[in-house]
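Some notes on the structure that comes next.
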Amino acid sequence: MTRSFLLLFLIFTVSLTADPHYNIRGFFGDRATGMAGAFTAISDDPSGAIYNPAGLGFSYYNYMSNSSINFSENVKEFEKVNGWSQSYKRRSSGIAPNFIGSMNRLGDFMFAMSIFNQQTENYDQSDVISRFISVPFIDSVRAQYTEQNTNYTFGPSIAYKFSERFSLGFSLFGFIDSTRISLNSFTQFMDNTYSNQTYDEMRSTSGILPVLGLQYMLSEKVFLGLSLRRPLGIKKSLKVTSRSLTNDSTDSSRVNVFNLTETQSEGYVGLPTFTDSTQQLLLLGNATLSGGIPEPIEVRTGFAFFINPKLTISVDWIHTAAYRLKNNNILYEPSNNVLLYQSDEFRELRTIETNNYALGLEYYLTEHFVVRMGSFSNFSNVKRIDWLENTIQTGVRASTFGGTLPIVVNDLTILYTVPAVQQNERDEYLNALGYSFGLGWETSGSAIALNIVQQSGRGLGVPADDAPTAILDLRAVSIYLSATIRN
């Protein structure tokens, strides 16, 4: 098999698809944010359309609007990525609108309209890492990396109060989730040869997010809430372009250049294209990349205890189901008569079940001055990463051409990638814990609030394909400013 085809295969299997490794993706509304998201059994302001639209029916107000912005900084640090000294940090920071919502009563019905931002991440950095213990033939790697992730969700909600004790609500949100990644890496080898790779990915996924909720007043002081949701992708667009330039160790003047592009839009898949006319990949079956996002079912249950007019405590339990999307794709490279079978699923979309909690407290120090605080968990939706297992898998891939098993049938070579040693596309496992604290000033017609949310954790991650497992630290903080008008 030619060296050019080996490089082609390596390029094609590169994936930097960005996807949140957690299911808790932000907080919305002044009260819900200050109480760490423990809002399912309350949900009586515009942000309740997100947590539990049934709670809108129990609002004391005929009209209310709320808006907020937030500043966030997120730092992920991979420790000792070269095996002994250097660390690698990914840092994102920025300010963006967080939530805008309003609700209006019409008889026993409450109508609401919301727009909120579940995710805004912006990474832009340049790094140099030298002397990898685990890869002794590499002298250094220089990488320029940019990444932008956004998610905007918007739509109407309705709640109906069937009795003094029971309310039912429904939200139908639309969403646009997009990712843009650009990576330029230059690898210098110990024999003075080099490799330069560029990778660009543009993904846009739009769909709907229905939320069904109910709320029940067990007594004047105790409320129970339940909501069910699941995102459903409808339109998917993905374009991935990878380019590799290397010099041959046997002839430093020789340069190999490869370009690979795959496009998917609205369920139609463009064949991967290859700039060298002597090489071509044909796609048999489904797309090799999904263009989508995980679509797990989420169930939120909540309990709220209004101890007295000044003090309220609430608890939420958030269950998010596992998600897998089956796929069966085969790639054929005719010039070498090679068939590649990679995976029976979209590995970048696989998530595991999570169970998170949120605990919140609200206390009025005076008639107008309120303090809110809470704690929450944000457990990883990625399968636990085992250091020894990942090290063995990396070694197998390095010694067996990416973990493939070659099968020769007459003149046809079949490369079967063994699932057990495939590169894990979701390569960060870290369970985070967080806290919230907020101050608010409220009158009968308006309110302002300042909330701070902090979360941190420590786990394991793989900073790049076939890199050794490294200790991963997360530090994230968000500051929310919000204003409310009501009557």
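The values are calculated or read from the model by the stated rules, or taken from the named source; none is laboratory data. No experiment lies behind these values; they were computed from the predicted model shown. Using ideal geometry, Cβ is built from the backbone for each residue, glycine included, and neighbour counts are taken over all protein chains shown. With ligands, DNA and RNA removed, areas are computed over all heavy atoms of the protein, side chains included. Shrake-Rupley method; radii C 1.70, N 1.55, O 1.52, S 1.80 Å.
Quick look at the numbers
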| read-out | value |
| --- | --- |
| Close pairs from segment 400-426: first farther than 30 Å from VAL382 by Cβ, partner modelled with pLDDT of 70 or more and not in a strand (DSSP E or B), Cβ under 6 Å, at least 6 apart | ASP411/ASN337; LEU412/ASN337 |
| Qualifying residue in segment 103-117 (condition: small (Gly, Ala, Ser) and part of a loop (DSSP other than H, G, I, E, B)) | yes |
| For ASN74: the one exception among (1) assigned to a loop (DSSP other than H, G, I, E, B); (2) touching a residue at least 24 places away in the same chain (Cβ under 8 Å) | (1) |
| Matching residues in segment 77-101 - criterion: being of a type in the set (Ser, Thr, Tyr), open to solvent by 40 Å² or more (accessible area, probe 1.4 Å) and assigned to a strand (DSSP E or B) | SER93 |
| Matching residues in segment 353-385 - criterion: being in contact with a strand residue (DSSP E or B) (Cβ under 8 Å, 6 or more places away or on another chain), open to solvent by 10 Å² or more (accessible area, probe 1.4 Å) and not in a strand (DSSP E or B) | GLU353, LEU365, HIS368, PHE379, LYS383, ARG384, ILE385 |
| Segment 320-334 - residue that is open to solvent by 40 Å² or more (accessible area, probe 1.4 Å) and in contact with an Asp or Glu (Cβ under 9 Å, 6 or more places away or on another chain) and, of those, modelled with the highest pLDDT | ALA322 |
| Checklist (1) surrounded by fewer than 22 Cβ atoms within 10 Å (Cβ to Cβ); (2) touching a residue at least 24 places away in the same chain (Cβ under 8 Å) applied to GLY395, failing item | (2) |
| Criterion violated by ALA32 - all others in (1) touching a Phe, Trp or Tyr at 6+ places or on another chain (Cβ under 6 Å); (2) assigned to a loop (DSSP other than H, G, I, E, B) satisfied | (2) |
| Unique residue being within 18 Å of LEU168 (Cβ to Cβ) and not hydrophobic (A, V, I, L, M, F, W, C) when the list is TYR51, TYR22 | TYR51 |
